[in-house]
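Accompanying notes for the structure given below.
The values are calculated or read from the model by the stated rules, or taken from the named source; none is laboratory data. Bear in mind that the values here come from a model prediction, so they are computed numbers and not experimental data. Glycine gets a Cβ as well: all are built from the backbone with ideal geometry, and neighbour counts include every protein chain shown.
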Amino acid sequence: MTAARKNRILVVDDAPTALDILERNLSSRGYLVLTASNVADAVKVLENSPVDLVITDYKMPKISGLDLIRHVRENCFDTEVIMITGYASVKGAVEAVKMGAEEYLPKPFTDEELFAAVERALNKRELKTMVKGRKPRVSPNSYGIIGESPAVRNMLAQIEKAAASSATVLVLGESGTGKELVARAIHYSSKRASAPFVPVNCGAIPEKLLESELFGYVKGAFTGATESRAGFFQTADGGTIFLDEINEMSPAMQVKLLRVLQDKQVCMVGARKTQKIDVRILASSNKDVRALVKKDIFREDLFFRLNVISITVPPLRERRDDIPLLVSHFAAKFAHEMGRPVSSFSDEVVKAFMNYSWPGNIRELENLVQRLTVMTDAPTIEIPDLPSFMRFSALSETVPFRSLAEEEASYIRRILASVGGNKSRAAEILGIDRKTLREKIKQARTPDDKPSGTW
C-alpha cells in the first residue's frame, strides 16, 4: 500500500494540539486527512464521505472512542480503525480489539510507529476488499491471467512481445503455474488467433503412440490403422501447437521434432511423402531444460531451436500479492458454477494463504478454493475450515526431530492432501513418476496404517 493512492484518513481527538500534529504528519506522507474533535462530528463525516481509516483517541467527552469503533464496525464495512490513548492498559487494549480496532497505540508513540500502524491497517483493508466477493482488478490486456504483481506485469509485457512475432517460444515454470494459459495468451493475441490452438501433453501420451498422434498415420501403417488419420500438427495447420512438458519427449522423438522445425514438413506414419505445414510451435517444461541438455537427456540443437524466446512463469510464492485476487476470482467462479452466493474468506484465512508456500502453485490454490466452497456451509470461510497443515499447532515447536524418511513421508502426505488425493498431480508436483510415488507411499506406511482417500 502506498500513500500515493490518496487514502482518506479521519483523525478524531478532543485535544487540538494532538489533532494538529497527527494531521500534519499524515498529510506529509500523502494521505488525505479529515479531522473531528468529538465522536458526534466524526459520525457526520463518516455519513457524508468515504473513509479508509479512522484514527481515534480513547477517552473523549460524552462519547468515547470505543463507541466510535463500534459505530464504524457496524456501519462502515470498508473502514479500518486505529485507537490511540494516553491511558494505556491491558483492559483498554482488549476492549479496543474486541470492538474491532486493528491497532492500539499507547501515547507517546514515534512517527515511525504511527506510520507503520497506518500501513498495516490499510493493507488489511485492501485484503478485505479483494476477497469479500469483489471483482478482481484485471487489466483488459491480461489475457485472463489474474495478477497485478511486478512479476506478472513483466510476464504480460513479454507475452505481448512474443505475440507480435512468429518465433518459437519456450515457456518455463513449475507445475501448476499456468504455462498453458501463457501459451494461449500468446496465440490468441497473435495474427494466428482465428486459427486453431492445439495443446498436446507430451507426458500423457505413451511413447509408442506419440509419433502417430503428433504427425498422423495412413491406412495400414500398423495393426488397427483401418483408415488414415491426421495428427495434431495437421490439425493445427495455420495456427499454433503447444507441446506441453516437452522434456518428457524421448530422444528419438526429439530428432523427429527437430526435423519438423527445420523443414516445416511432417511425415505421417506409414507414408512416403511429407506434407508442408504452417504451424507455430510453443513448448513448455517444468524442468530446467538447459540442465537436461548438460546431462544429455535433451538434445542441444532442439533446445536452441525451441528457445528463441523464453518466458518464465513465476511460482505463486514469488507473487504472493496476487493471492487475494486469485482467491476472489476462483471463489466467484465456483460460486457461479454451483449457483450459490460467493463465499467470503476471513482476514486470518487470507493471511494463512499468504504465508503458505504453495508447492502446487495456482492449481493447488484453485483446488483448495473449490474444496472450501463445496464443503463449507457458512458464508465466511474461517481458519478451522482449512486443511490441518495450514493451521497453527501448539505442538509444532515441541515435536522431536524425525528421520529424513519420516519428513519425506509427511511432506508427501501434505502434497496429496493439497491436491485431494490425486496421485498423478502429486507425482507431478514432487517431480517423480506415479510408480515411484506408489513405492514411497508403500514404504511410508506402517503395519497399523489403513488405506485412506489421502494415501
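Residue under question is Gly86, and the condition is that it be in the same structural domain as Asp13 (by TED's automatic domain parsing) and buried (at least 23 other Cβ atoms within 10 Å of the Cβ); does it hold?
On the way: in the same structural domain as Asp13 (by TED's automatic domain parsing): yes; buried (at least 23 other Cβ atoms within 10 Å of the Cβ): no.
Against the criterion (in the same structural domain as Asp13 (by TED's automatic domain parsing) and buried (at least 23 other Cβ atoms within 10 Å of the Cβ)), Gly86 does not qualify.
Can you confirm whether Ser328 is under 30 Å from Lys256 (Cα atoms), modelled with pLDDT of 90 or more and not β-branched (Val, Ile, Thr)?
Working: under 30 Å from Lys256 (Cα atoms): no; modelled with pLDDT of 90 or more: yes; not β-branched (Val, Ile, Thr): yes.
Answer is no for this residue.
Applying the selection to segment 308-345, what residues are within 30 Å of Ala252 (Cα to Cα) and buried (at least 18 other Cβ atoms within 10 Å of the Cβ)? Give the steps one after another, and end with the answer.
Step one: filter segment 308-345 for residues within 30 Å of Ala252 (Cα to Cα), giving 308-313.
Once the filter is applied, which keeps residues that are within 30 Å of Ala252 (Cα to Cα) and buried (at least 18 other Cβ atoms within 10 Å of the Cβ), segment 308-345 yields Ile311, Val313.
Between Leu32, Leu68, which is of a type in the set (A, V, I, L, M, F, W, C), surrounded by fewer than 19 Cβ atoms within 10 Å (Cβ to Cβ) and either more than 30 Å from Leu372 (Cα to Cα) or at pLDDT 80 or above (or both)? Walk me through it before giving the result.
Numbers: Leu68 fails: surrounded by fewer than 19 Cβ atoms within 10 Å (Cβ to Cβ).
Criteria check complete, one pass: Leu32.
Tell me which residues, restricted to segment 4-28, are under 23 Å from Arg125 (Cα atoms) and of a type in the set (Ser, Thr, Tyr).
Ser27, Ser28
Go through segment 78-112 and report how many residues are among the aromatic types (Phe, Trp, Tyr), out of contact with any Gly (no Cβ under 8 Å at 6 or more places or on another chain) and modelled with pLDDT of 70 or more.
As a first pass, look at segment 78-112 and keep what is among the aromatic types (Phe, Trp, Tyr): 87, 104, 109.
When the remaining residues are screened for being out of contact with any Gly (no Cβ under 8 Å at 6 or more places or on another chain), the result is 87, 109.
Filter once more, so that each one left must be modelled with pLDDT of 70 or more: 109.
Of the residues in segment 78-112, 1 are among the aromatic types (Phe, Trp, Tyr), out of contact with any Gly (no Cβ under 8 Å at 6 or more places or on another chain) and modelled with pLDDT of 70 or more.
Do you know which residues across segment 166-176 are surrounded by 20 or more Cβ atoms within 10 Å (Cβ to Cβ) and at pLDDT below 95?
Answer for segment 166-176, where residues must be surrounded by 20 or more Cβ atoms within 10 Å (Cβ to Cβ) and at pLDDT below 95: Glu174, Ser175, Gly176.
Would you confirm, using the coordinates I've provided, whether Val43 is of a type in the set (Val, Ile, Thr), farther than 24 Å from Pro108 by Cα, assigned by TED's automatic domain parsing to the domain that holds Asn123 and in contact with a strand residue (DSSP E or B) (Cβ under 6 Å, 6 or more places away or on another chain)? First the steps, then the outcome.
On the way: of a type in the set (Val, Ile, Thr): yes; farther than 24 Å from Pro108 by Cα: yes; assigned by TED's automatic domain parsing to the domain that holds Asn123: yes; in contact with a strand residue (DSSP E or B) (Cβ under 6 Å, 6 or more places away or on another chain): no.
No, not satisfied.
Mind checking which residues of segment 328-385 are closer than 25 Å to Ile429 by Cβ, free of Cβ contacts under 8 Å to residues at least 12 places away in the same chain and of a type in the set (A, V, I, L, M)?
Passing the criteria: only Met375.
Scanning segment 254-274 for residues that are part of a helix (DSSP H, G or I) and touching a helix residue (DSSP H, G or I) at 6+ places or on another chain (Cβ under 6 Å), which turns out surrounded by the fewest Cβ atoms within 10 Å (Cβ to Cβ)? Spell out the reasoning first.
In the first step, residues of segment 254-274 are kept if they are part of a helix (DSSP H, G or I); the result is 254-263.
Going one step further and asking which of them are touching a helix residue (DSSP H, G or I) at 6+ places or on another chain (Cβ under 6 Å), we end up with 254, 258, 261.
Working: Gln254: 18, Leu258: 17, Leu261: 14.
Only one residue fits best here, namely Leu261.
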